[in-house]
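Enquirer: Okay, handing you the structure first.
The values are calculated or read from the model by the stated rules, or taken from the named source; none is laboratory data. Since we're looking at a predicted model, the values are computed, not measured. Because the Cβ atoms are built from the backbone with ideal geometry, glycine has one as well, and the counts that use them run over all protein chains shown. Remember, those area values only see protein heavy atoms, side chains included, never the ligands or the DNA or RNA. Shrake-Rupley method; radii C 1.70, N 1.55, O 1.52, S 1.80 Å.
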Amino acid sequence: MQSIQASFADKYPDRVPILLEITDKSKIRFSDGSQHKKYLVSKSDHFYHFFQILRNSLKLSKKEAIYLFVNNSGLIKPESQVGEIYSKHRSSDGFLRIILSEYATFG
Amino acid sequence: MDQRQENYREVIIDWIYNLKYILNAYLNNKNVPSGHPIYILGHRIDIDNNDIDDRINKIKQLVQDTIWITYRRNFPPLYQSNYISDTGWGCMLRVGQMAMAQMLKKHLKNHGDKRDEDYDNILLAFADNDSQEYKEFIEFSNKNDKSKVHNFICPFSIQKIAYLAKKEFNLDPGEWYKPNYILFLLEELHNTIPIRASENLKLCVFNDSCLFLDQLMNRMFEIKFETDKDLEEQLEKTQLKSKNSLAIFVLTRIGLDEPNQKYLKVLDELMELPYFQGIVGGTPKRAFYILGRINDHYIYLDPHYVQEAENKDQIIENKMFNRTSYSCKYIHLLNQKHVDTSMGLSFYIRNKSELLQFWRDMKQIKQKSEDFFVFLSDFTPEYVDYSNQLEESNNKLNDDDVVFLQ
């Protein structure tokens, strides 16, 4: 089977596939209760656009924050370009895997 | 809810926490690394390598001089609950209080025109039994007309924080706090009912690991700055004047499950700045107020120790007899690789020239390292205002499909 990514790449050469996962430690979920979502994002976009989309679909208030990580430790800054991060950190199946997290709680 | 005493179960849990605390302190005290300067709350201390006692005593003195706030028991029941103690859940709240107390201390000490009693009043502001003041506060905060000045002695009491936490974040007593929650609550309390002489201390809490000069200047000078002007130049050359000082908190995450080694290096440098006033952070699940560092170890104050709640009269009385429950005699150390990745960094900026120097220092650290994890910008980018746009595209999202971003 040809990879999913290849078929995307043919159809939408200016976009890259992102697989977003919300960390288990966070209570944040998408409205359907899921922790994963796939996105096709324009290479020339900056991540702040992506942050906005996420904040909206997760219905976050201003006083909440979300953090996106690649490679388990690298923080994605809003001003980074999607294409740049993608070419640096894409995984072998063609997806850019991003983990979403918020602040931890302490007791 | 009427005042009650702790039951046996609660008393035993308190014992367990205190035993753990003392064991921890004992084990910790032994290994103060040698041969490195100490950076603590904006001071740098160089010490004689050969004299280990001298080294330990110097750190002890600084730690003891910092306000230590811990779990307390037998305070008046918190808003709409049966909680009379915060054992087991209030540590982040306590750490936030410590950071706020330190800011007030720094602020009131630095201003020549402040009176001694203002400084003494800091502890009262955090009294865990606020002598029913929270009832007045609830009434006050539900009133539309806030113009009538109310004098609150204990604006940061746990009763007021718990009430606001419910109102702002729907957080009940007993639930664990995130660092952003307690910092925003303290900001709101300080903005509405500051203690005397602290009105010109302006709190700036930055969420999302960012820092914007225009917002800092807006807070300091209380005017808007044009977006086509060079802000640094205005700070340096113009006649801008202000009596305000800034307490800056930058919330951030320096890794996912574990701290990113490269970000820890940047953090090391931030902790060396003369403006550094500690970190609202901790190890996973346990919040600590991190004061500074020696090499790769952090010095911190630990709130996980249960003491009896005091009201303002008891605090004053204790002071008269030279005893206090707000000072810690143990040095706690933690290896930086065990630090929790969620944290709030804090900086105190006294005046305009310090603000300029702080900004230049931050930019310099950023230039040196591509791993600088705080987003710095002279002007707040438009996209930081999350309130507008994108409603439409949001409605088109289909959760099962791949989402196209337009």
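Enquirer: How many residues are of a type in the set (D, E) and open to solvent by 30 Å² or more (accessible area, probe 1.4 Å) when one looks only at the range B:294-307?
Expert: Kept after step one, since they are of a type in the set (D, E), are these residues of the range B:294-307: B:296, B:302.
With open to solvent by 30 Å² or more (accessible area, probe 1.4 Å) added as a condition, the list becomes B:296.
Selection size over the range B:294-307: 1.
Enquirer: Where in the range B:169-241 are the helices (runs of 4 or more DSSP H), entirely inside, with at least 1 residues that are polar (S, T, N, Q) and open to solvent by less than 10 Å² (accessible area, probe 1.4 Å)?
Expert: On the way: elements: B:179-192, B:213-221, B:231-237.
In the range B:169-241, B:179-192 are the helices (runs of 4 or more DSSP H) which contain 1 or more residues that are polar (S, T, N, Q) and open to solvent by less than 10 Å² (accessible area, probe 1.4 Å).
Enquirer: Given the criterion crowded, with 17+ Cβ neighbours inside 10 Å and either basic (K, R) or without any contact (Cβ under 8 Å) to a residue 40 or more places away in the chain (or both), identify the matching residue among A:P78, A:P17.
Expert: Numbers: A:P17 fails: either basic (K, R) or without any contact (Cβ under 8 Å) to a residue 40 or more places away in the chain (or both).
Only one candidate passes the filter, namely A:P78.
Enquirer: Quick check, is A:K27 more than 8 Å from chain B (Cβ to nearest Cβ) and in a loop (DSSP other than H, G, I, E, B)? Steps first, answer last, please.
Expert: On the way: more than 8 Å from chain B (Cβ to nearest Cβ): yes; in a loop (DSSP other than H, G, I, E, B): yes.
Taking the combined requirement at face value, the residue satisfies it.
Enquirer: Could you list, in sequence order, the residues of the range A:46-75 that are open to solvent by 40 Å² or more (accessible area, probe 1.4 Å), facing chain B (nearest Cβ under 7 Å) and either among the charged types (D, E, K, R) or under 11 Å from A:L100 (Cα atoms) (or both)?
Expert: Within the range A:46-75, A:K62, A:K63, A:N72 qualify.
Enquirer: Related question: Out of the range A:30-45, which residues are more than 28 Å from B:E168 (Cβ to Cβ), of a type outside the set (S, T, N, Q) and either open to solvent by 50 Å² or more (accessible area, probe 1.4 Å) or part of a strand (DSSP E or B) (or both)?
Expert: Passing the criteria: A:H36, A:K37, A:K38, A:Y39, A:L40, A:V41, A:K43.
Enquirer: Filter the range A:84-107 for residues that are buried (at least 18 other Cβ atoms within 10 Å of the Cβ) and either within 19 Å of A:S44 (Cα to Cα) or in contact with a strand residue (DSSP E or B) (Cβ under 6 Å, 6 or more places away or on another chain) (or both) and give the result.
Expert: Those that are buried (at least 18 other Cβ atoms within 10 Å of the Cβ) and either within 19 Å of A:S44 (Cα to Cα) or in contact with a strand residue (DSSP E or B) (Cβ under 6 Å, 6 or more places away or on another chain) (or both): A:I85, A:Y86, A:F95, A:L96, A:I98, A:I99, A:L100, A:S101, A:Y103, A:A104, A:F106.
Enquirer: If I go through the range B:54-65 residue by residue, how many of them are within 16 Å of B:T324 (Cα to Cα) and in contact with a Ser or Thr (Cβ under 8 Å, 6 or more places away or on another chain)?
Expert: Residues flagged as within 16 Å of B:T324 (Cα to Cα) and in contact with a Ser or Thr (Cβ under 8 Å, 6 or more places away or on another chain) within the range B:54-65 amount to 2.
Enquirer: Being surrounded by fewer than 20 Cβ atoms within 10 Å (Cβ to Cβ) and part of a strand (DSSP E or B) is the filter here, so list the residues in the range B:266-293 that pass it.
Expert: Of everything in the range B:266-293, those that are surrounded by fewer than 20 Cβ atoms within 10 Å (Cβ to Cβ) and part of a strand (DSSP E or B) turn out to be B:T283, B:R286.
Enquirer: Among the residues of the range B:264-284, are any more than 15 Å from the chain's Cα centre (by Cα), within 14 Å of another protein chain (Cβ to nearest Cβ) and on the phi > 0 side of the Ramachandran plot? Break it down stepwise before answering.
Expert: First, pick out the residues of the range B:264-284 that are more than 15 Å from the chain's Cα centre (by Cα): B:264-270, B:272-274, B:283-284.
With within 14 Å of another protein chain (Cβ to nearest Cβ) added as a condition, the list becomes B:264-267, B:283-284.
From the residues that got through so far, the ones that are on the phi > 0 side of the Ramachandran plot too are none.
No: zero hits.
Enquirer: Can we say B:R94 is open to solvent by 20 Å² or more (accessible area, probe 1.4 Å) and modelled with pLDDT of 80 or more? Write out each step before concluding.
Expert: Working: open to solvent by 20 Å² or more (accessible area, probe 1.4 Å): no; modelled with pLDDT of 80 or more: yes.
Judged against the criteria, B:R94 is not a match.
Enquirer: Hey, B:S141 hits all of (1) outside any helix (DSSP H, G or I); (2) touching a Leu at 6+ places or on another chain (Cβ under 8 Å); (3) surrounded by fewer than 22 Cβ atoms within 10 Å (Cβ to Cβ) but one; which does it fall short on?
Expert: (1)
Enquirer: Need pairs with beta-carbon distance below 7 Å; first residue free of Cβ contacts under 8 Å to residues at least 60 places away in the same chain and within the range B:342-370, second open to solvent by 10 Å² or more (accessible area, probe 1.4 Å) and not charged (D, E, K, R); sequence gap 6+ or separate chains.
Expert: So the pair list comes out as B:K363/B:L376; B:K366/B:L376.
Enquirer: May I pose another question? Taking the range B:103-123 as the region of interest, how many residues are modelled with pLDDT of 90 or more, surrounded by fewer than 21 Cβ atoms within 10 Å (Cβ to Cβ) and under 10 Å from B:I315 (Cβ atoms)?
Expert: Going through the range B:103-123 one residue at a time, the tally reaches 0.
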